[in-house]
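The values are calculated or read from the model by the stated rules, or taken from the named source; none is laboratory data. Computed from a predicted structure; not experimentally measured. Positions of Cβ are backbone-derived with ideal geometry, glycine not excepted, and every protein chain shown enters the neighbour counts.
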């Protein structure tokens with residue numbers, strides 16, 4: 001099925017909440033943070049610190065979403081805050097398409113580095129492998145960051161020569 005990427009809209013929010021819950025990877029408080037980030041973007045997309053996009057199919061059904069934005073206090077570093085794909089659409093190129101789109105937006109805004117943070121829990125192994133497959137390198141690991149036994153793993157990808 002053909003997909004396209006567009007800016008996130010208000011009527012996408014409930015579907016995104018469902019995608020986050022169905023992923024069975026995120027705690028309720030993490031889902032609420034994602035919704036807060038989306039709300040900030042929707043309040044004023046032009047002035048928001050976040051850029052939010054969705055992948056949709058031919059019927060405009062959301063298959064995944066990504067949130068990126070410039071990292072404050074840096075020059076050319078951007079954060080990938082969220083990238084999540086509906087379970088029924090995983091391993092079909094939706095995540096890769098979203099990430100490539102995000103990287104293109106970063107380059108358009110003179111970005112040179114994109115950072116993605118994730119967990120060391122076994123549940124996140126596919127996520128870590130996804131980043132590696134997309135050309136991201138593991139830049140750092142902070143032990144017991146999220147919780148005891150749950151490390152922060154920071155991935156990064158240089159988009160331009162430094």
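Of all residues in segment 84-96, how many are in contact with a helix residue (DSSP H, G or I) (Cβ under 6 Å, 6 or more places away or on another chain) and assigned to a loop (DSSP other than H, G, I, E, B)?
Selection size over segment 84-96: 1.
Out of everything in segment 68-86 that is in contact (Cβ under 8 Å) with a residue 40 or more places away in the chain and closer than 14 Å to residue 99 by Cβ, what residue ends up being farthest from the chain's Cα centre (by Cα)?
85
Looking only at segment 107-127, count every residue that is closer than 13 Å to residue 156 by Cα and touching a strand residue (DSSP E or B) at 6+ places or on another chain (Cβ under 6 Å) and tell me the total.
Looking only at that region, the number is 7.
Please find, among 157, 132, the residue that is touching a helix residue (DSSP H, G or I) at 6+ places or on another chain (Cβ under 8 Å) and over 18 Å from residue 30 (Cβ atoms).
157
Residues that are under 22 Å from residue 72 (Cα atoms), within 14 Å of the chain's Cα centre (by Cα) and touching a residue at least 12 places away in the same chain (Cβ under 8 Å), at least 3 per element: which strands (runs of 3 or more DSSP E) completely within segment 109-162 meet that?
Hits in segment 109-162: 113-119, 150-158.
Here are some conditions: (1) modelled with pLDDT of 95 or more; (2) under 26 Å from residue 36 (Cα atoms). Residue 158 meets all but one. Which one does it not meet?
Condition (2) is where residue 158 drops out.
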